[in-house]
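Comments concern the structure below.
The values are calculated or read from the model by the stated rules, or taken from the named source; none is laboratory data. Note that the structure is a prediction, hence the values are computed from the model and not measured. In this analysis, Cβ positions are derived from the backbone assuming ideal geometry, glycine residues included, and neighbour counts consider all displayed protein chains. Just so you know, the surface numbers come from the protein's heavy atoms only, side chains and all, with ligands and any DNA or RNA stripped out. Shrake-Rupley method; radii C 1.70, N 1.55, O 1.52, S 1.80 Å.
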Amino acid sequence: MALLIACTVLPSYSKKPKIDKAGKPKSVVILYENDAHCAVDGYTRLRGLADAISKADTAYVGVVSSGDFLQGALAGAISRGQYITDIMRPVSYDAVTLGNHEFDYGTERMIELLQMLGAPVVSSNFFKFGATEPVYQPYIIKEYGNRCVAFIGTTTPETMRSEGYAFRDSDGRQTYDLRTSDVYALVQKAANEARNEGADYVVVLSHLGEEVRSTGITSHELVQATRGIDIVLDGHTHAVVPCDTVLNADGMPVPITQTGTQLANIGKLLIDCNGRISLSLIPTDSIAYSNVCVSAATDSIKALMNSVTSRHIARLPFPLSVHEADGNGWLVRHNAAGIGDLVADAFRSCMDAEIGLVNGGSLRNSLPEGNLTYGDIVSVQPFDNHMCLIEATGEQLMGMLMKCTQKCPEYDGSFPHVSGMKYTVHALSDRITDVEIYNRSSDRYEPLDLQRTYTVGLNDYYSNGGFYSTLKDCRLLRSTTMLSRDALANYLEASKDGTVSEAYRQQQGRVTVLDD
């Protein structure tokens with residue numbers, strides 16, 4: 001089986017290795033994944049690999065997840081997470097933690113789904129607002145032979161912005177909290193308690209990521225601020241990180257790893273008979289094993305999905321990608337893209353608005369060349385957001401553009417793709433210029449009038465934390481029951497001759513990003 005890369009480190013805090021009760025020395029293997037985002041086909045190989053290692057009887061085996069499994073593609077979108085739960089249950093996870101996208105369907109739905117999952121959920125920083133104890137246990141200790149491994153969970157507090165609606169009730173009162181100010185302290189507290197309880201190894205299931213974002217909280221900073229942690233199995237930023245070593249508060253090296261996204265790789269944490277820790281990433285496609293129960297669940301779910309999603313929508317003569325030209329990274333989160341133009345046009349058309357607006361972070365997957373099905377459309381817009389028409393002043397629109405492009409050229413899910421509008425971003429000087437709005441009467445673009453009001457077609461994420469809540473106070477003119485994916489499907493179905501316009505092959509110059 002091909003390994004991408006491996007690294008070996010000595011644990012900083014672990015006790016001397018123990019001998020198995022039967023007297024036979026056995027290692028411990030923890031298989032891990034993060035940001036699976038509804039990649040249903042990988043789960044049977046994950047469990048199959050675990051079964052094969054267990055059958056060889058040379059190691060005790062566990063399986064864990066660092067979050068973001070309920071949402072991100074078709075299976076999650078059309079079942080509000082149920083299909084993914086049904087597939088993951090027979091994988092028999094030893095522990096899972098919460099990713100930000102576990103909150104996409106609301107907190108109560110998340111709690112309901114996690115109860116069905118049948119796996120221990122660990123989260124050291126997810127609290128009911130004002131509570132002194134977390135909703136889930138901050139850690140769990142699992143015994144593998146005579147060795148005890150503690151798994152601590154932690155989730156990025158930026159979830160309170162990106163999925164802000166899940167943390168408030170219908171009256172806008174805060175109901176849940178991710179404790180932004182003391183994330184590191186809560187992980188440290190859990191590590192101390194786990195050590196005192198007898199943990200030989202402390203593993204953090206982290207959904208923090210390596211990129212500095214709005215909260216400034218990262219997995220690297222977590223390590224630097226704590227002690228007593230042996231390893232961090234990270235997630236959130238979709239990076240492929242076989243092993244990145246960071247010094248903790250005592251100057252001890254602690255490895256951090258990520259597997260990428262959509263189960264492209266399975267991580268393997270090995271604690272050998274001498275207590276040494278090694279990490280490796282295994283390309284999932286290279287795994288020849290499978291599990292009968294997981295495969296049966298997957299096949300059943302795929303049949304259900306096919307009955308819903310096989311409807312033909314339109315023909316696309318070219319692919320439309322959300323990624324950079326090299327296939328890596330999120331183009332739609334820092335620059336214009338044809339797929340952004342397309343979705344923004346669909347929103348504008350659906351709501352008969354002057355402006356269409358969609359944030360890059362909601363564009364989750366690319367569209368393939370060829371005959372598009374409804375399933376393809378759902379994969380692009382998998383979230384359960386409904387279409388709205390709002391009224392915004394020119395001043396509010398300018399404020400939105402400035403706020404949502406402030407991190408450019410870095411990635412930001414709030415990056416605005418537009419229809420009926422043009423603007424220029426000066427990335428280094430944090431300026432927005434040349435903002436123009438299309439005038440249907442005169443059939444030309446005109447400068448933005450800060451005092452005028454404009455109608456904007458977009459989905460209801462704008463009022464639930466989207467675009468940094470810059471449009472939240474805009475007047476709501478009309479709300480609908482139409483999902484954003486159906487707005488896109490309807491727009492494409494109306495394409496001339498059933499074929500998507502060549503105009504979308506390249507981005508149409510609505511957004512210009514300058515390095516000045």
Yes or no: the range 484-502 includes at least one residue that is surrounded by fewer than 16 Cβ atoms within 10 Å (Cβ to Cβ), in a strand (DSSP E or B) and either touching a residue at least 24 places away in the same chain (Cβ under 8 Å) or of a type in the set (Gly, Ala, Ser) (or both). yes
Can you tell me which residue is farthest from Thr405 (Cα to Cα) among those in the range 341-375 that are under 23 Å from the mean Cα position of the chain (by Cα) and among the charged types (D, E, K, R)? Arg364
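Rundown of residues vs (1) of a type outside the set (S, T, N, Q); (2) open to solvent by less than 10 Å² (accessible area, probe 1.4 Å); (3) at pLDDT 95 or above, yes/no style:
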| residue | (1), (2), (3) |
| --- | --- |
| Val61 | yes, no, yes |
| Ser66 | no, yes, yes |
| Gly81 | yes, yes, no |
| Ile84 | yes, yes, yes |
| Ile87 | yes, yes, yes |
| Gly99 | yes, yes, yes |
| Met116 | yes, no, yes |
Somewhere in the range 442-455, is a residue surrounded by fewer than 14 Cβ atoms within 10 Å (Cβ to Cβ) and among the β-branched types (Val, Ile, Thr)? no
Could you check the range 135-175 and list, in sequence order, the residues that are over 14 Å from Met110 (Cβ atoms), part of a strand (DSSP E or B) and not aliphatic (A, V, I, L, M)? Gln137, Tyr139, Lys142, Glu143, Tyr144, Arg147, Cys148, Phe151, Thr154, Arg168, Gln174
Working only within the range 399-431, note down all residues that are of a type outside the set (Gly, Ala, Ser), out of contact with any Ser or Thr (no Cβ under 6 Å at 6 or more places or on another chain), open to solvent by 40 Å² or more (accessible area, probe 1.4 Å) and on the phi < 0 side of the Ramachandran plot. Met402, Gln406, Lys407, Pro409, Glu410, Tyr411, Lys422, Leu428, Arg431
How many residues does the range 430-440 hold that are farther than 11 Å from Glu354 by Cα and either touching a residue at least 60 places away in the same chain (Cβ under 8 Å) or not aliphatic (A, V, I, L, M) (or both)? 5
Report yes if some residue within the range 224-231 is at pLDDT 95 or above, part of a loop (DSSP other than H, G, I, E, B) and closer than 30 Å to Ala56 by Cα; otherwise report no. yes
Would you call Glu436 surrounded by fewer than 22 Cβ atoms within 10 Å (Cβ to Cβ) and touching an Asp or Glu at 6+ places or on another chain (Cβ under 7 Å)? yes
Output yes when any residue across the range 342-358 is in contact with a Pro (Cβ under 7 Å, 6 or more places away or on another chain) and exposed (fewer than 15 other Cβ atoms within 10 Å of the Cβ), and no when none is. no
Options Asp182, Asp272; residue that is crowded, with 16+ Cβ neighbours inside 10 Å and within 24 Å of Ile140 (Cα to Cα): Asp272
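Can you go through Glu193, Glu221, Glu211 and tell me which one is part of a loop (DSSP other than H, G, I, E, B), at negative phi and among the acidic types (Asp, Glu)?
Residue meeting the stated conditions: Glu211.
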Cβ contacts < 6 Å: first residue part of a strand (DSSP E or B), restricted to the range 57-78; second residue surrounded by 24 or more Cβ atoms within 10 Å (Cβ to Cβ) and among the acidic types (Asp, Glu), any location; separation 6+ or different chain. Result? Ser65/Glu33
Extreme residue, farthest from Ala325 (Cα to Cα), among residues of the range 360-371 that are part of a strand (DSSP E or B) and open to solvent by 10 Å² or more (accessible area, probe 1.4 Å): Asn371
Among the listed residues Ser479, Ser442, identify the single one that is among the polar types (S, T, N, Q) and closer than 30 Å to Gln174 by Cβ. Ser479
